[in-house]
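Here's the structure, in structure tokens; my notes come after.
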Amino acid sequence: MYLNRLRKMLTENNEKCLFPCIRDLVANGLTLERFTNEDNIPSRQDITQYIAAWFKYTGLSSDECREWMIEYCIGLLSVISSSSKSRIRHSTKCNIKYIYKSDVTFDCRCEKNRFKAPCEPTCPIYEEMAHRAKESEAANIVESYETIVEHRVADEIAPTKHSIKDEYKDQFEKAIEVAQHHLKQWVPKKKIVNLLNESGFKTRTGKKWSYSTLANELKTLNRNIDKAEAEKIRNKIL
């Protein structure tokens, strides 16, 4: 029914545009038996845009496309859609409007068409579409390769992210040296804290020094020194 109506809309100039894939989709809709469980099943919207792009390719107007397509989508494609008739009608109009106002062109991709519709080498646009498909595949390969290279280069030249402790590491170590020097001179820790803050020294996390912070850092340092000395003695014994 839909195929006969479509044929009546075509003139002698565009009758040859009734390609095998279009004939199959118009007559049968989406043949689900052609797909496996691993395949990505096309949606009603996918088929709508595909056929609308074909209408545009043939030179038929958007009004002609809309008049035929709404009945086709409701009558034949509703079996692969959970939408109501009113929703399908609205969606179809939106898809047709999008196709006719955009630069989308009809591109069947020959035997690799996503609908698994029949394709014949005798199709009038077979060579053109096959060539376009090869160019598209080549472009995708180049684009994928360039993307990989760009990511690798970006990773190589990306600046190393430093933590706050890394940022203040050098001046923290210098502050500890200053503190140890004053301790040997019997300077009270509270006064050493004031000296460190007045000199602009920061803790390992970039904060001002306090008595408790200095005491804890010195205790940790002494503990590490004791461990190192103990390790040396143990190694000598062994």
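The values are calculated or read from the model by the stated rules, or taken from the named source; none is laboratory data. If you're wondering where the values come from, they're calculated on a predicted model, not measured in any experiment. Backbone-built Cβ (ideal geometry, glycine too); neighbour counts: all protein chains shown.
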Do you know which residues across the range 29-44 are assigned to a helix (DSSP H, G or I) and touching a residue at least 24 places away in the same chain (Cβ under 8 Å)?
L32, R34, R44
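Can you tell me which residue among I51, I22, I47 is in the same structural domain as F106 (by TED's automatic domain parsing), touching a Gly at 6+ places or on another chain (Cβ under 9 Å) and in contact (Cβ under 8 Å) with a residue 24 or more places away in the chain?
Matching residue, one of I51, I22, I47: I47.
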Look at the range 9-19 and say how many of its residues are part of a helix (DSSP H, G or I) and free of Cβ contacts under 8 Å to residues at least 12 places away in the same chain.
1
Looking at the range 106-138, which of the residues that are in a helix (DSSP H, G or I) and among the basic types (K, R) is nearest to S43 (Cα to Cα)?
K112
Looking only at the range 70-93, count how many residues are outside any loop (DSSP other than H, G, I, E, B), of a type outside the set (V, I, T) and more than 18 Å from Y57 (Cα to Cα).
12
